[in-house]
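The values are calculated or read from the model by the stated rules, or taken from the named source; none is laboratory data. Because the structure is predicted, anything quoted here is derived from the model rather than measured. Heads up, the Cβs are rebuilt from the backbone with ideal geometry, glycines too, and the neighbour counts pull from every protein chain shown.
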Amino acid sequence: MAKINSKPAGSVTHLFIYILTFLLLWEWLRPIPVITHTADIHIFVWFAFFSAILIYLRVPYWLIIPALLAGSIYGLHIIFYEGSFLSREGGWQTVRLFSGEAWYNTTLIFSGEFAGLTDPFRTFLLFLLLALVCYLLYFSVFQTRRIFFFLLSTVVYITVLDTFTPVEASAAIIRIVIIGFFILTLLHMLKIQDEERAIGRRTASFFSPAWMYTLIFMILAATGVGIAAPKPDPQWSDPVPAMRGMVLGEGSGSGSGLKRVGYGENDERLGGGFIQDDNPVFTAEVDEASYWRGESKHEYTGHGWVSDPRYEEVSGDSLGYAKYESLTETEERQVSIEMKEGVGFSHFFYPGQVQSISLDNLSFYVDDNEGAREPLSFMTDPVGGRVMAETPEGNEITLTAYDLVYEDPAFPIGTMRTVSENDPQEVQDLYLQLPEELPERVADLAEEIVEDEENRYDKVKAVEQYFSESGFTYQTQDVPMPEEDEDYVDQFLFETQVGYCDNYSTSMAVLLRTLDIPARWVKGFTSGEEIEELEDGRSVYEVANGNAHSWVEVYFPEVGWVPFEPTQGFDNYAEFAEEEVDIDIDLDEENGEDTEQPDQDRDDMIPELEEGADDFEAAGSDGSTGGGGPGLAEMFTPRTLFISILSLVFLMVLYQKQSRLQNYYFLIHYKLLGQDKRFSTAYRRLLWILENEGLPRGEGETLREYAKRVDLVLSSQAMMKLTKLYEKVYYGGYEPDGEWEALQTEWEELVKSLNS
Amino acid sequence: MRNRQEPSVVTHPLVHRLIENIEKVVVGKKREIELSLIALLSGGHVLLEDVPGVGKTMMVRALAKSVGADYKRIQFTPDLLPSDVTGVSVFSQKTMEFHFRPGPVMSNIVLADEINRTSPKTQAALLEALEEGSVTTDGETRELQDPFMVMATQNPIEYGGTYPLPEAQLDRFLFKFKIGYPSKSEELEVLNRVEKRHPIEEVTPVLTLEDIVDMKKDVRKVFVNEKVKEYIINIVNATRQHHAVYLGGSPRASIALMKAGQAYAFMQDREFVVPDDIKYLAPYALQHRILLNSDAKLSDTTNERVIHEVVQQVHIPAGKESVR
């Protein structure tokens, strides 16, 4: 640190830059309490400030080291020890305790046991680091005049923290950009000054107000535009989940609270794009591929689906949920499901019509107590079909593995074409509901689609086919969110025609309801990816968040609820044959293969918050906006385009005309300050303006020669008049007496003629 | 630098009248007349280096007549003695004592023709008078008159039979310049004027010697800003540092430049010196005070060119340099 003493004295600008770098250092300290368990961060800031001042004052090293030592001891005292520092027991005690600590820790260091270092010693090391950083900053500002690397690393640091930790750095990044602009431009100014001094045009450094005004204005303008301008969505998908999955081996739903896609609870507001997520949710051992049903919802609000599940307590042997009626033939099958670690669902996913749960293979945990084996009570919502388990006391559990018995149906298409269309009253009550605000044209469209069809089944098929035949596009990103007064279905059918499963399934359900066909909206997962074929002919499927899906079930009297798949690219209903019973099996096999295609290629998903046991996620239950934000189409509205172009043009004009504007500024400036004593500065400003406009005075050119030349170029006589007066003032030592007022118009004319 | 065709910048009424009067005799030599007057007003002397017959004598005589000054001409020859310049004490048999017969130098305006044709001893006698403003004969110091101005002429040094003036003595002249041949039209004008009778006969005084003395006092009052002084010093300094120069300008050169600048400013009716004055006068005041080194002599470099370069390069003060 002895080197400090040989420093050349810095200017005010240097000090200013040094302060700015200190603010950058502060930005490094700010997020620390969020990402670590460090408290009292203000003490570190104060310590850094203290060291910065000492270093700036170039306190000799025999003084600065004890001072910094004392400062850090004081900091340690505040953080770790009690009592007043100045009292005998306080400060001295701290010193004594700390010297013991230091000795102990030094031995640890030399024996390489870095993990064993105690907290006070670590804190002390941090103090030491801060002081060193302050010195380095001082060195880079006053000596090398290079700070870009520090700035860059600050930006990287903050962005990394913002991306991978809960640190919210949107304000910090703005601050850093502003500070960084200032530092870089001021350093550049210093460099220019050095160069000018080297060629003898300047004798001392200075703090140029004009430079500062321009700088401040430019930075404010840039920041303002940056904040106000429309921003596109991230062009790359959020890398964090994938990276976490890769590096930490975490499954989905691990409770980081990040918005992403998956099976969610809340469907009140559908819409918006989302980002893919391939974290697995569960694996299932099944006879054949099938969709995994979670629940259905029946009330459409115009923006999404709501349900009000009313649970009935059931026994595990008979879960009491019926989907199929007498005319549907079923086959009993068995499935084993194993949830991935960290995925928390308290309700079951099942294919077909769930019958019973095998209590033997059921595992779960309550409140993080894995493998708890308590008797469970099972609850079923007979309307939505949601089957869940909880402890007898009503505590929520998290299922980890379970075996189910279910009915695999085969729907008789011939029968469905001919069955009566007299729906039971309770079905009509629940499944024909529509919001009053639903636009007329939705119903008109439904009529149009089915006008050639006779029976319910053909009508349903016509609606199901409609989407793939009418120019709808399947996409998961840039799907707009409907406005408050816009209907979700109406928007999809008539405005955007782009969307994913939610759009298709909801639209189909709503269209059918306008035709008085009872329909409901089902959510769950597609079959997933076959990852293993077992020897007994069964297969293991892995279902990921990306397999989250929604589809439609339509009611046929005496047949029951038959699933349909309106979403493009997903095979016309994957799991359930819609043919005569005798060819059921063939089709099943075929379909089983087909289902994998869309799963892999399209990754149809429901954009929602991950449902899990975490409080964090339970609180954030309004999550169907996952991956929201303005889409590309929304970005390029005429308004935003107009604003962008306008500001762009404005900036270009500003850049192009900067000297003009500057000249106007001086025109007004000196007009307002028209006293005689301002004459000299006004004249010198004129010289400066002329130089900027490409008419510089030569090195050995006298003012008079210069004035003659300027007058010749500008065909005026004003310059000579002004110069004569200036000579009188500058060389002759006169005080102008009213002459400046007389010449002021000439001055203005000159500047204006430069501007024209 | 002003060129010949430009109108005179002299606006001081008395000086202006004086110049007009001299121009009745000398055609087209306004600049040289001005320079001579600057020398007269600042108490300096002029060295004219020129071929014979271009009007040197006429100019000096016209100047002398215009101010009613006592005018003497010394033709320097190799056998001229110092006493022929300064004057001599003669023994008068009538009064039986020595009495002083002033030499030609004891007048107001002296034309020292072909000064480099005489011996160094005689040159020294004259040049001492230039600097001291007095002459010493027979142990007695005699003040010269005021105003006093010597206009010396010398043949171009390359000519044979000359005793070149040493630098130390050249330094005593305020200006050195050439008169040069007139242009054709000017020469025609000269012929026209002298056709009937010589116009010098008709020149009458327009000023008195007292006017000149008063003006000389006023010249000393012209203000020289520190910045301008700095500029003068920078110029002279630059001649010392110029790569082609063996011996640069002395401090006396700086003094000369400043005094000339004062006179020039006075003639323009200005109460302060501006860098333009200095820049304009620098070649006349400096080129005979520098010695080029041998390299420069072998190449084409001349004293004029060196001074020109220097003047173009030295920064001219124009106010706080950090107007930003």
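Matching residues to (1) part of a loop (DSSP other than H, G, I, E, B); (2) more than 30 Å from A:P439 (Cα to Cα); (3) at pLDDT below 70:
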site	(1), (2), (3)
A:V247	no, yes, yes
A:S296	no, no, no
A:P309	yes, no, no
A:E332	no, yes, no
Are there any pairs with C-beta distances below 8 angstrom linking a residue in region B:215-240 that is within 14 Å of chain A (Cβ to nearest Cβ) to a residue that is of a type in the set (D, E), with the two at least 6 apart or on different chains, and if so which? B:K221/B:E271; B:V222/B:E271; B:F223/B:E271
Quick one: in region A:416-436, of everything that is free of Cβ contacts under 8 Å to residues at least 60 places away in the same chain and within 14 Å of A:E299 (Cβ to Cβ), which residue is surrounded by the fewest Cβ atoms within 10 Å (Cβ to Cβ)? A:E436
Evaluate region A:674-682: report whether one residue or more is out of contact with any Gly (no Cβ under 9 Å at 6 or more places or on another chain), within 14 Å of chain B (Cβ to nearest Cβ) and part of a loop (DSSP other than H, G, I, E, B). no
Go through (1) within 60 Å of the chain's Cα centre (by Cα); (2) within 14 Å of chain B (Cβ to nearest Cβ) one by one and return the number of the condition A:L725 breaks. (1)
Are any of the residues in region A:457-470 hydrophobic (A, V, I, L, M, F, W, C), closer than 30 Å to A:T418 by Cα, surrounded by 15 or more Cβ atoms within 10 Å (Cβ to Cβ) and touching a Lys or Arg at 6+ places or on another chain (Cβ under 7 Å)? no
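From the list A:I158, A:I64, exactly one residue is under 26 Å from A:L25 (Cβ atoms), in contact (Cβ under 8 Å) with a residue 60 or more places away in the chain, surrounded by 14 or more Cβ atoms within 10 Å (Cβ to Cβ) and touching an Asp or Glu at 6+ places or on another chain (Cβ under 8 Å). Which is it?
A:I158
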Just the residues that are more than 9 Å from chain B (Cβ to nearest Cβ) and free of Cβ contacts under 8 Å to residues at least 60 places away in the same chain, please, taken from region A:730-742. A:E735, A:A742
Do you know which of the residues in region B:141-152 that are touching a residue at least 24 places away in the same chain (Cβ under 8 Å) and among the charged types (D, E, K, R) is surrounded by the fewest Cβ atoms within 10 Å (Cβ to Cβ)? B:D146
Step by step: first the residues of region A:647-664, then only those that are loosely packed, with under 13 Cβ neighbours inside 10 Å and either of a type outside the set (S, T, N, Q) or within 19 Å of A:W211 (Cβ to Cβ) (or both), then the one that is nearest to the other protein chains (Cβ to nearest Cβ). Which residue is that? A:Y655
Output the residues belonging to region B:135-177 that are part of a helix (DSSP H, G or I) and either of a type in the set (F, W, Y) or farther than 25 Å from B:M59 by Cβ (or both). B:E167, B:A168
Residue in region B:267-282 that is nearest to the other protein chains (Cβ to nearest Cβ), counting only those that are more than 12 Å from A:E705 (Cα to Cα) and within 19 Å of the chain's Cα centre (by Cα): B:I278
Condition first: closer than 16 Å to A:D119 by Cα, assigned to a helix (DSSP H, G or I) and hydroxyl-bearing (S, T, Y). Now tell me which residues in region A:53-84 satisfy that. A:S72, A:Y74
Checking B:V311 against (1) part of a loop (DSSP other than H, G, I, E, B); (2) at the interface with chain A (Cβ under 9 Å from one of its Cβ atoms), which single condition isn't satisfied? (1)
Considering B:L170, B:L188, B:L174, which residue is at pLDDT 90 or above and closer than 24 Å to B:Y280 by Cα? B:L174
Set B:D70, B:D138: member being among the acidic types (D, E), surrounded by fewer than 18 Cβ atoms within 10 Å (Cβ to Cβ), touching a residue at least 24 places away in the same chain (Cβ under 8 Å) and within 28 Å of B:L207 (Cβ to Cβ): B:D70
Taking the criterion of being under 22 Å from B:V213 (Cβ atoms), in a strand (DSSP E or B) and without any contact (Cβ under 8 Å) to a residue 60 or more places away in the chain, would at least one residue in region B:111-134 satisfy it? yes
Anything in region B:153-179 that is surrounded by fewer than 17 Cβ atoms within 10 Å (Cβ to Cβ) and of a type in the set (S, T, Y)? List them, or say none. B:Y159
Quick one: in region A:702-722, which of the residues that are away from chain B (no Cβ under 12 Å) and in a loop (DSSP other than H, G, I, E, B) is farthest from B:G319 (Cα to Cα)? A:S715
Exactly one of A:S326, A:S318, A:S336 is without any contact (Cβ under 8 Å) to a residue 40 or more places away in the chain and either out of contact with any His (no Cβ under 9 Å at 6 or more places or on another chain) or under 25 Å from A:P409 (Cα atoms) (or both), and that residue is A:S318
Failed item in (1) touching a residue at least 60 places away in the same chain (Cβ under 8 Å); (2) within 14 Å of chain B (Cβ to nearest Cβ), with A:W688 passing the rest: (1)
Extreme residue, farthest from A:F570 (Cα to Cα), among residues of region A:481-502 that are in contact with a helix residue (DSSP H, G or I) (Cβ under 7 Å, 6 or more places away or on another chain) and crowded, with 17+ Cβ neighbours inside 10 Å: A:P482
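In the list A:E553, A:E486, A:E530, A:E558, which residue meets the criterion of being charged (D, E, K, R), without any contact (Cβ under 8 Å) to a residue 40 or more places away in the chain and assigned by TED's automatic domain parsing to the domain that holds A:V450? Please lay out each step first, then the result.
Working: A:E553 fails: without any contact (Cβ under 8 Å) to a residue 40 or more places away in the chain; A:E530 fails: without any contact (Cβ under 8 Å) to a residue 40 or more places away in the chain; A:E558 fails: without any contact (Cβ under 8 Å) to a residue 40 or more places away in the chain.
Criteria check complete, one pass: A:E486.
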